[in-house]
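Bear in mind these aren't lab numbers, they're just calculated from the coordinates by the rules spelled out. This one's a predicted model, so the numbers in the text were calculated from it and none came from an experiment. We place every Cβ from the backbone using ideal geometry, glycine too, and count neighbours over all the protein chains shown.
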Amino acid sequence: MHADVVSYLGLPLTGYWALTPAVLLLVALFWGLFANFLPGHDRGASAVGFVCSALAAVGSALTAPGTLLFGGRFFYTYDARFAATIICVLCALWCLWTLGSGIGRTREAIALAAASTIGATFAVAATDLIVLFLVVELASMPGYVLIGYRRFRMRGLEAALKYFLLSVLSTLIMLYGMSFLVGLSAGTTFDALREMPASPLGLFAFGMVLLGLFAKLSAAPFHWWAPDAYEGAEPWAVAFASVIPKIAITLVIVRMVFTMAASVPYTQLIIMVMAIGSLIVGAFAALAQKDTRRMMAYSGVVSAGFVLIAASLVGMGGSVAQEAFYAAILYVVASAIATMGVLLIAAHEGGRVSDLNGLSKRNPFLAGCLVVFTLSMIGVPPLFGFFAKLNLFMVAIAAGQVEVVVFAVIIAVVCAFYYLRLVRAAFFGEAVIDTDDDLARSPYSGLATVSIGALALSLIVMGILFQPVMNWMLGA
Amino acid sequence: MLSLIVFLPLVGVLLCALLPQRFDFAAKWIALVTTVANFGLAAWMFIAYGRGEGILLEKQILWIPQIDVYYHLGLDGLSFPLLVLSTLLFVLAVVASWKIDIKPRLYFAMLLLLSLGLNGVFSALDLVLFYVFWEIVLVPMFFLISQWGGLRRRYAAMKFFLYTFLGSVFMLVGIVALHHFTGSFNMIELRELAPAFFAGDGSLWSLQWWIFLAFFLGLAVKVPIFPLHTWLPDAHVQAPTAASVLLAGVMLKMGTYAFLRISVPILPDAFQTWQLTLGILGVVSILYGAIVAFAQTDIKKLVAYSSVSHMGFAMVGIASGTAVGFNAAMAVNISHGLTTSMLFFLVGMIYERTKTLKIAELSGIAAQMPRFAGFFCFAAFASMGLPLLSGFVGEFLAVLAAWQSPVLPPIITILTGIGILCGGAYMLWLLQRSIFGNPSALVEGKKDLNLREISVLTPLAILVVVIGVYWHSLLQYTDPFALNLVKLIGG
């Protein structure tokens, strides 16, 4: 857009106008809560959810970078703008999917999703420990309810309880660490943290904070809740709860590490060890899974591993820190889009891998999308996932971590094996008619297909146009 | 112009994908028109510009500045003949797949996507772009094998994908490492930048040696070099005819092509350290392929193992490090592309008729199907390296190069020569068992080749004779490249 047109419209959104996306999402939240009394009921809530989060995406994209809010509690950087936009777009596509799906009662789901999205869009910009804590919780808490959305199913409740208990525990550990950090740095803002003198206690405190965040990111060895929780839940709920909060938490992790790299030596080593551990545990555990949700949970552990490699490089400081910071964001976005796509397909077809059997005959278009998602996660060019991986590897090699890259590459091949099992099921599996009612396939609708197709298309387009995507994130 | 050649198949892919189901029959026409246009364009460019010096039809645009990736295409004496061969084989593959009736739209879309990937591999001059095309090739081939293949197609397709993917990710590490040290992905610039950076140190365990190893792993799987060849028999045998042809005819060439394009000129010192290893592995591939081919009872598997053997000659040629050797490798590339394609086409044709690939059940074809027998004998003779046919050019040059090479010991020359002999032996034995003798029950009463099938085989046969009789027709393109390469590695 031309500069004069932009300024005429009062754009980009500066000052408190930067809260526009959150207000829009609040509209969706309340509409969802009171959908019973509003026109359209469940479908109305989904439609409003879609429209509001799509507008919120536009709003996020138009937020003026550099905006400071609430005395510096929020700082809208270029990368925060990028992540918030992606989060809102994913939320919009997810709402669109619910509008087109046959899952029935969607109103609370929309309200919860909107709440989580508000939290996530704030979390990517938060630069204050207290605020950070609040918005991270806001982003992840609705997930517990979504996981247990079918409250009459025992598995779902068990899953939700597991997820809830682990999250509460990790939150407490995080808070515990934060309390020390506040004491040590004599302030709650990131600016104060940056000035914090190095000390063993500081390392301990920061370690606690990271531990809490890693558990939410499902990095090994704090990943064990994820497969059980996801398997017990509806795939469409997992598609949201395992994707949106993770983008926000990744940003929080890399931002904190970036801020504190100087005051907490050795963290990068701890993070690297956990990254390697996550890659091994995730990749090899995923090989054995017969349930798409469990597989994607372990695949999430692997992505956490890749993201933590980048986070560790951020911790090394120096010239690669900034590049590693961006590499982490790109990687988590690439894996988020693909994960959401796979799980939404699983929401149509059923949670087990064998439920995908014969998809290529039932719905060739969705089968094609599934191929795009899996190839992107494997890292086959020219899809977005490939460039995100390549970028990460280049940063790692620039930082002198050749061994890590070689190792990560081998893991990528192991991952190819289980991702391809999804493709194999979809294209070669013999379709079995399943009469089990909770696995009965919901009818396809145009809107759900559009939503999944848009996710697949975005991976192709963002891959070929990697340059503009990256430029926009860097503000270059 | 080159971009047009590379991306022309994309038009066909999109048309096939958007075609409504009731126009299934149109897919093959779309594919035929696209591939013919693509071949026509490539051949025309070849005739018009093929003899030029340096990089032809070069095009360079900045694609992703942050990670320094260019959209950079160009051709030379190494890649131009391969590009033309590839586009030609795609035309023939489409004609040979005329009777595909299971999901024809997807089939032809995949075939065209494969064509796009291969065009790109042979044209890309930026390492990342090269890798992009290199991987694009995997996907359609995975589907071609797994959807239209034989009984064990799923196993073969998975094995094919994982093997080649494992190899190529190591190559990716090599690519990123090269960029880290030299700051460039440009394959042409790297010929000067990389040796300058490594300052002539390519000894064992040196940095350059490791990068060569990374590329070697990626390329050796593709060539394939013993012991990384085990995906090949499965993939070739299970693949549908057209895919086998393209696997053997074009995709195996990606490996030797990349050795000559990347490993040798960009990492010349490590190449010298590796030379002997490459030579030994090449000879082992030749003999191993030949001996295993002897033992086969399945005609398609025999042809597949003969590919391992033939590509070994290319490796020996490369390992020799001489201009003759590089010419040999390029000649084997082209000639093997022609003869093995013929053999796989013929095997596919006999399979369509008899539904068997067992050599024991195929005796006496000559009596029943004289035209088929004629073509089969011709292809077999060309493959075993009979003088005046194209197979002889590369294999003779490879033996000569091994002899001339200052690095390879004479025993390699001797064993390479024995390899040619073995090639003759298993092919003749195959002819004796399948073509001659009394017609078996399965062969009895089967129709001979029809006009469509003959039109697939004839162009290949003509090229085999032209190259075999008049070597210069091929070597005039490859020789400048080979001489330049020798200059680059300081030989």
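Which of the lysines could a cross-linker bridge to A:LYS162, judged by Cα under 23 Å and excluding same-chain residues fewer than eight apart?
The reachable lysines, counting only those whose Cα sits under 23 Å from A:LYS162, are A:LYS216, A:LYS246, A:LYS290.
May I ask what percent, to the nearest 5, of DSSP beta bridges between residues of the protein assembly as shown are antiparallel?
Of those bridges, close to 95 percent are antiparallel.
State, to one decimal in nm, how far the label point of A:ILE410 lies from the label point of A:ASN471, with both points 7 Å from Cα in the Cβ direction.
Output for this residue pair reads 4.0 nm.
In straight Cα distance, which aspartates and glutamates are under 17 Å from A:LYS361, not counting same-chain residues fewer than 8 positions off?
Hits, sequence-local ones excluded: A:GLU349, A:GLU430, A:ASP434, B:ASP24, B:ASP101.
Between B:ASP201 and B:TRP429, how high is the FRET efficiency from 1/(1 + (r/R0)^6) when r is the Cβ-Cβ distance and R₀ = 51 Å? Nearest 0.05.
E(calc), rounded to 0.05, equals 0.55.
I'd like the Karplus ³J(HN,Hα) series for region A:353-367: coefficients 6.51, -1.76, 1.60, θ = phi - 60°, whole numbers in Hz, and an x wherever there's a Gly or Pro.
4, 5, 5, 6, 3, x, 4, 5, 7, 5, 8, x, 5, 5, 4
With equal scatterers on the alpha carbons only and no solvent term, can you work out the Debye log10 of I(q)/I(0) for chain A at 0.09, 0.12 1/Å?
-0.54, -1.00
Just grab the label-to-label distance for B:VAL33 and A:PHE428, each label 7 Å out from Cα along the Cβ direction, in nm (one decimal).
Once both label points are built, they end up 3.5 nm from each other.
Considering only region B:2-488, what is the antiparallel percent among its DSSP beta bridges, to the nearest 5?
Values: 9 of 9 bridges.
Taking every DSSP beta bridge within region B:2-488, about 100 percent pair in antiparallel fashion.
Just add up the charged neighbours of B:LYS28: K/R +1, D/E -1, any other residue whose Cβ is under 11 Å from the Cβ of B:LYS28. Could the numbers behind the result be given before it?
Details: positive: B:LYS99, B:ARG105; negative: B:ASP24, B:ASP101.
Neighbour charge sum, excluding B:LYS28 itself: 0.
Under a point-charge model restricted to the Cβ atoms of Lys and Arg (+1) and Asp and Glu (-1), what is the dipole moment magnitude of chain A relative to its Cα centre, in debye to the nearest 20?
Once rounded to the nearest 20, the dipole reads 400 debye.
Go through B:LYS99/B:LYS222; B:LYS28/B:LYS222; B:LYS28/B:LYS301; B:LYS300/B:LYS447; B:LYS301/B:LYS446; B:LYS28/B:LYS103 and tell me which ones have a Cα-Cα distance over 19 Å in this structure.
Cα-Cα > 19 Å for B:LYS99/B:LYS222; B:LYS28/B:LYS222; B:LYS28/B:LYS301; B:LYS300/B:LYS447; B:LYS301/B:LYS446; rest within.
Which one of B:VAL456, B:ALA290, B:VAL316 has its Cα pushed farthest toward the positive end of the charge dipole of region B:2-488, where Lys and Arg give +1 and Asp and Glu give -1 at the Cβ?
Of the options given, the answer is B:VAL456.
Quick check: net charge around B:ALA196, other residues with Cβ under 14 Å of its Cβ, Lys/Arg +1 and Asp/Glu -1?
Neighbourhood net charge equals -3.
Hey, could you pull the Cα Rg and Dmax for the protein assembly as shown, both in Å?
29.9, 97
Looking at region B:353-394, which trypsin sites (Lys or Arg not before Pro) are in a loop (DSSP not H, G, I, E or B) and have at most 16 other Cβ atoms within 10 Å?
Working: sites: B:ARG353, B:LYS355, B:LYS358, B:ARG371; in loops: B:LYS355.
Filter output for region B:353-394: B:LYS355.
Please list, in order along region A:213-222, the HN-Hα scalar couplings obtained from phi with the Karplus expression 6.51 cos²θ - 1.76 cosθ + 1.60 (θ = phi - 60°), rounded to whole Hz, x for Gly and Pro.
Those phi angles translate into 5, 5, 4, 5, 7, 6, 8, 5, x, 9 Hz.
Ignore the peptide's own chain and count Cβ atoms of other chains within 10 Å of each Cβ in B:165-176; give me the average, rounded.
Averaged over the peptide's residues, the number is 6.
For the protein assembly as shown, what does the helix formula give at 222 nm: sum of -39500 (n - 2.57) over DSSP H segments with n ≥ 4, over the residue count, nearest 500 deg cm²/dmol?
Calculated mean residue ellipticity at 222 nm is -24500 deg cm²/dmol.
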